[in-house]
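Structure, as structure tokens:
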Amino acid sequence: MGQAWGFGRYGGPEVQEFFDRPDPVPARDEVLIRVDVAGVNPLDHLLRSGLVSGLDGGRPFPRVLGMEASGTVLARGEDVDGIEVGDAVFGFALTGGGTYAETTVLSAPNTARIPAGLATTVAATLPVAGTTAVDALDQLGLPAGATVLVNGVGGGVGLAVGRLAVGRRLRVVGTGSAAKREHAEAIGVRFIDYAAGDVVAAARELVPDGFDGIVDLVGGTSLRTVAPLARDPRNVIAVGDSSVSELGGRPVERRLDRENLERSARLALDGLLAPVITAVHPLSDAPAALATVENGHTSGKVVIKVT
Ligand SMILES: NC(=O)c1ccc[n+]([C@@H]2O[C@H](COP(=O)([O-])OP(=O)(O)OC[C@H]3O[C@@H](n4cnc5c(N)ncnc54)[C@H](OP(=O)(O)O)[C@@H]3O)[C@@H](O)[C@H]2O)c1
């Protein structure tokens, strides 16, 4: 039995609640973990709201929030390979375990061991923000020296993309509100404050010939405003807005498998995928952690330290 935080029905923050639940029993391809750290992501509140109910497989209520975590393996299903009881791991709770909890189940094919030297707090942010950054930049496949615009550089995925792109020796420009400037410039990103004036004009001043690639984390009107800055519309990769196809761009192609997790962990060890963790909350403070992300203007990654 352990404490968990989730929701008893779809709705706003008012439907959120703490409750006790028995330790989930791992299915054949799952591992039960004692959660150390859970990452907080926009998808968590979208699932709670019911807006993306097609993604949660009609699970019974109450549901536990959270889809990524690091922790220690307590038990494993009979088909699990390469992960043993006692291992420190990180990965996705894809089958509905929820990670804002003392214990949960992770999907073993979407879970990897944490390499020596990598902090569990960092590992907990790699499944969503870390591998998304890797996937978006892989999809662009730009050579060193190419230019990339990161629209929404100040959030969890944006700063990960920015750091990784700088590490690949791309010339990186990022947009965000004024509070994000320091974080962005600290990782080598040239920054445009989108509230301070015309973003397109500011971007053209920095990169007059247009960008070789754009990674968009904002979507909607903002995506439509910046998309024409790409030299080739196919090189507009949107992470959260699939309507990018209407502009000739492409939604990010995600790889959630263990190999990609292991790769992101190696990049993190090498300092090339260094998540900017701006807030660490205890589980009792999970409402504040999710509220920070739900307001839409998060800086870097917010995590919940459970253990
Ligand atoms: N497809 C996938 O697998 C996948 C994976 C991860 C994330 N996502 C999606 O990708 C999006 C970003 O995720 P995230 O975790 O990075 O979210 P996040 O941490 O909440 O960051 C979003 C950032 O966008 C900034 N922003 C908002 N309006 C902006 C504008 N007009 N121009 C520039 N920046 C703006 C926000 O702060 P400021 O406005 O203060 O700068 C914030 O820093 C979300 O929609 C999420 O659901 C999808």
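The values are calculated or read from the model by the stated rules, or taken from the named source; none is laboratory data. Keep in mind that this is a model prediction, so the values were computed, not measured. Don't worry about glycine lacking a Cβ; one is built from the backbone with ideal geometry, like all the others, and counts go over all protein chains shown. These area figures cover heavy atoms from the full protein model, side chains too; ligands, DNA and RNA do not enter into them. Shrake-Rupley method; radii C 1.70, N 1.55, O 1.52, S 1.80 Å.
Computed with a 1.4 Å probe over protein heavy atoms only, the accessible area of Val128 comes to about 20 Å². The convex hull around the C-alpha trace of the chain, projected and averaged over every direction, spans 14.7 square nanometres. Here segment 185-273 is assigned +1 on the Cβ of each Lys and Arg and -1 on the Cβ of each Asp and Glu. Its dipole about the Cα centre then comes out at about 220 debye.
When Val306, Val31, Val218 are compared by accessible surface with a 1.4 Å probe, the order from highest to lowest is Val218, Val306, Val31. For Asp193 and Arg28, the difference between the fully extended length at 0.36 nm per residue and the C-alpha to C-alpha distance is 54.5 nm. Phi angles of segment 247-252 translate, via the Karplus equation with coefficients 6.51, -1.76, 1.60 and θ = phi - 60°, into HN-Hα couplings of 9, x, x, 9, x, 4 Hz per residue; Gly and Pro are given as x. All Cα-Cα separations within segment 129-251 were binned at 5 Å from zero, giving a P(r) of 2, 13, 26, 28, 22, 8, 1, each value a whole percent of the pairs. Electrostatic tally near Gly86: other residues with Cβ closer than 14 Å to its Cβ, Lys and Arg +1, Asp and Glu -1, net 0. Taking label points 7 Å from Cα along the Cα-to-Cβ direction, Tyr10 and Glu253 give a separation of 3.1 nm. Per-residue extension of 0.36 nm, minus the Cα-Cα distance of Asp270 and Arg59, leaves a gain of 72.1 nm for this segment.
For the chain, the residue among Ala196, Ala184, Val128 whose Cα projects farthest onto the positive side of the dipole built from Cβ charges is Ala196.
May I ask for the net charge around Thr131, where only other residues with Cβ less than 15 Å from the Cβ of Thr131 are counted and Lys, Arg are +1 while Asp, Glu are -1? Intermediate results must be reported in sequence, preceding the final value.
Details: positive: Arg163, Arg254, Arg255, Arg258, Arg263, Arg266, Lys301; negative: Glu68, Asp135, Asp138, Glu253, Asp257, Glu259, Glu262.
Here the count lands on 0.
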